[in-house]
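Structure first, commentary second.
The values are calculated or read from the model by the stated rules, or taken from the named source; none is laboratory data. Note that the structure is predicted; figures quoted are calculated from it, not measured. Glycine gets a Cβ as well: all are built from the backbone with ideal geometry, and neighbour counts include every protein chain shown.
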Amino acid sequence: MLYTTAFGNPCSISVDPIEKKPLFHFFPGTEILSLATAGCNLRCLNCQNWTISQISPSETDNYFLLPDAVVEEALKRSVPAIAFTYTEPTVFYEYMLQIAQSAKKRGVKTAMVSNGYINEKPLKELSRSLDAANIDLKCFDDKIYRTLTGGSLDPVLNSLKILHESGVWLEITNLLIPGMTDSPEMIEKMCRWLVDNGFSDNPIHFSRFFPTFILKDLPPTPESTLKEAQQIAKNAGVKFVYIGNSPSLAGESTICPACGRVVIERNGYIVIQNNILNGSCSSCKEKIAGVWE
């Protein structure tokens, strides 16, 4: 008999800015209740949360919080959404699914921050209750994917397609690791695939790498690499391209792809000004893809 050890026992729960996930086109400027249990289905060499992702729920200090209680917590704190984040949500799939189903009945939104390494059937089941996702697309080379994570590329690409087809709002994060995932050719190939497969309206977040876990000997991503990746993505036809983990580049604001004006001004995770009106740029009326209200 198989049973889950990751049900009703989150090791981490807090309220974050939704931009921290990162989700920039899904209720920007709001807060989100974030929770995780211990564990992961990959073994990424660069894991930032390895102290909880690379161990089991039996090894962490946990809360007792059943699915309905999680939704009650969100309502009590007056936050519009719940995020499954910090570790890999697919390892607490049954818990996540029941929370999402309960939240949908109560009018609370849910978002999954995931590596996308999940089979089709459970992802389609989850997608019926899920509102948003940020998928960490590690790179666009299967050999490097296996070296870096222990997983492979194709299942993640398939997950992107399923989420998109299911109507789940989707954003993508790509961490640029020097010498591993930062080649211009790989970035261009990835962006071309995204555009060719209907993801031109879905934001991509290029994130700056800092030495951590097993990759402590690598340098941080040069800012020039981040700016080059942003330009490659724009040239490929991705409409919304962000730079994360590099405040000096100020790459968090949302730019209207039609008139070039700032429609959402951000400073880090803080929304300074929101100029989206009825889902469109207030200046030129261009439709801005996302979930705004």
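If Ile243 passes every condition in (1) more than 30 Å from Gln54 (Cα to Cα); (2) in contact with a Phe, Trp or Tyr (Cβ under 7 Å, 6 or more places away or on another chain) but one, which one does it miss?
(1)
Among Lys124, Lys104, Lys76, Lys109, which is the only one that is under 22 Å from Asn202 (Cα atoms), at pLDDT 95 or above and either surrounded by fewer than 18 Cβ atoms within 10 Å (Cβ to Cβ) or touching a Cys at 6+ places or on another chain (Cβ under 8 Å) (or both)? Quick ask: steps written out before the conclusion?
Details: Lys104 fails: under 22 Å from Asn202 (Cα atoms); Lys76 fails: under 22 Å from Asn202 (Cα atoms); Lys109 fails: either surrounded by fewer than 18 Cβ atoms within 10 Å (Cβ to Cβ) or touching a Cys at 6+ places or on another chain (Cβ under 8 Å) (or both).
Criteria check complete, one pass: Lys124.
Taking Val70, is it over 20 Å from the mean Cα position of the chain (by Cα), buried (at least 23 other Cβ atoms within 10 Å of the Cβ) and modelled with pLDDT of 95 or more?
Numbers: over 20 Å from the mean Cα position of the chain (by Cα): yes; buried (at least 23 other Cβ atoms within 10 Å of the Cβ): yes; modelled with pLDDT of 95 or more: yes.
In short, yes.
State the number of residues belonging to the range 96-123 that are charged (D, E, K, R), more than 17 Å from the chain's Cα centre (by Cα) and within 18 Å of Ala83 (Cα to Cα). Write out each step before concluding.
If we filter the range 96-123 for residues that are charged (D, E, K, R), which is where we start, we get 104-106, 109, 120-121.
With more than 17 Å from the chain's Cα centre (by Cα) added as a condition, the list becomes 104-106, 120-121.
Checking which are within 18 Å of Ala83 (Cα to Cα) leaves us with 104-106.
The total comes to 3.
Where in the range 54-173 are there helices (runs of 4 or more DSSP H), lying fully within it, with 1 or more residues that are touching a strand residue (DSSP E or B) at 6+ places or on another chain (Cβ under 8 Å) and closer than 18 Å to Pro10 by Cα?
Values: elements: 67-76, 93-106, 120-127, 142-149, 154-165.
Here the list reads 67-76, 93-106.
If I go through the range 181-191 residue by residue, how many of them are farther than 30 Å from Arg128 by Cα, in contact with a strand residue (DSSP E or B) (Cβ under 8 Å, 6 or more places away or on another chain) and of a type in the set (A, V, I, L, M, F, W, C)? Break it down stepwise before answering.
From the range 181-191, those farther than 30 Å from Arg128 by Cα are 181-189; that's our starting set.
If we keep only those that are in contact with a strand residue (DSSP E or B) (Cβ under 8 Å, 6 or more places away or on another chain) too, we end up with 181-182, 187.
From what is left, the residues that are of a type in the set (A, V, I, L, M, F, W, C) are 187.
The total comes to 1.
Going by what's in this entry, would Ser159 be described as free of Cβ contacts under 8 Å to residues at least 60 places away in the same chain, more than 26 Å from Ile264 (Cβ to Cβ) and touching an Asp or Glu at 6+ places or on another chain (Cβ under 9 Å)?
Yes, satisfied.
Quick check on my filter: what residues within the range 118-156 are free of Cβ contacts under 8 Å to residues at least 60 places away in the same chain, of a type outside the set (A, V, I, L, M) and in contact with a Gly (Cβ under 9 Å, 6 or more places away or on another chain)?
Ser127, Asp136, Tyr145, Pro155
Return yes when Pro89 is of a type outside the set (Gly, Ala, Ser) and under 12 Å from the mean Cα position of the chain (by Cα) and no when it is not. Show your work before the answer.
Values: of a type outside the set (Gly, Ala, Ser): yes; under 12 Å from the mean Cα position of the chain (by Cα): yes.
Yes: the conditions hold for Pro89.
Return the total of residues in the range 36-85 being out of contact with any Asp or Glu (no Cβ under 6 Å at 6 or more places or on another chain) and within 22 Å of Thr212 (Cα to Cα). Before you say what the answer is, go through the steps one by one.
Our first condition is that a residue be out of contact with any Asp or Glu (no Cβ under 6 Å at 6 or more places or on another chain); within the range 36-85, this holds for 36-39, 42-78, 80-85.
Filter again for within 22 Å of Thr212 (Cα to Cα), leaving 36-39, 42-56, 59-60, 85.
Matching residues across the range 36-85 total 22.
When both residues are 6+ apart or on different chains and their Cβ atoms are under 8 Å apart, which pairs have a first residue that lies in the range 88-114 and is within 20 Å of Arg77 (Cβ to Cβ), and a second that is surrounded by fewer than 23 Cβ atoms within 10 Å (Cβ to Cβ) and at pLDDT below 95?
Tyr95/Thr4
Among residues belonging to the range 213-236 that are surrounded by 14 or more Cβ atoms within 10 Å (Cβ to Cβ) and more than 27 Å from Leu45 (Cβ to Cβ), point out the one that is nearest to the chain's Cα centre (by Cα).
Across the range 213-236, the extreme among qualifying residues is Lys234.
If I filter the range 19-32 for residues that are in contact with a helix residue (DSSP H, G or I) (Cβ under 7 Å, 6 or more places away or on another chain), farther than 24 Å from Val168 by Cα and in a loop (DSSP other than H, G, I, E, B), do I get at least one hit?
no
Would you say Thr147 is among the β-branched types (Val, Ile, Thr) and within 21 Å of Lys20 (Cα to Cα)?
Values: among the β-branched types (Val, Ile, Thr): yes; within 21 Å of Lys20 (Cα to Cα): no.
The answer is no for Thr147.
If I go through the range 2-22 residue by residue, how many of them are β-branched (Val, Ile, Thr) and without any contact (Cβ under 8 Å) to a residue 12 or more places away in the chain?
Start the filter on the range 2-22 by keeping residues that are β-branched (Val, Ile, Thr), which leaves 4-5, 13, 15, 18.
If we keep only those that are without any contact (Cβ under 8 Å) to a residue 12 or more places away in the chain as well, we get none.
So the count comes out to 0.
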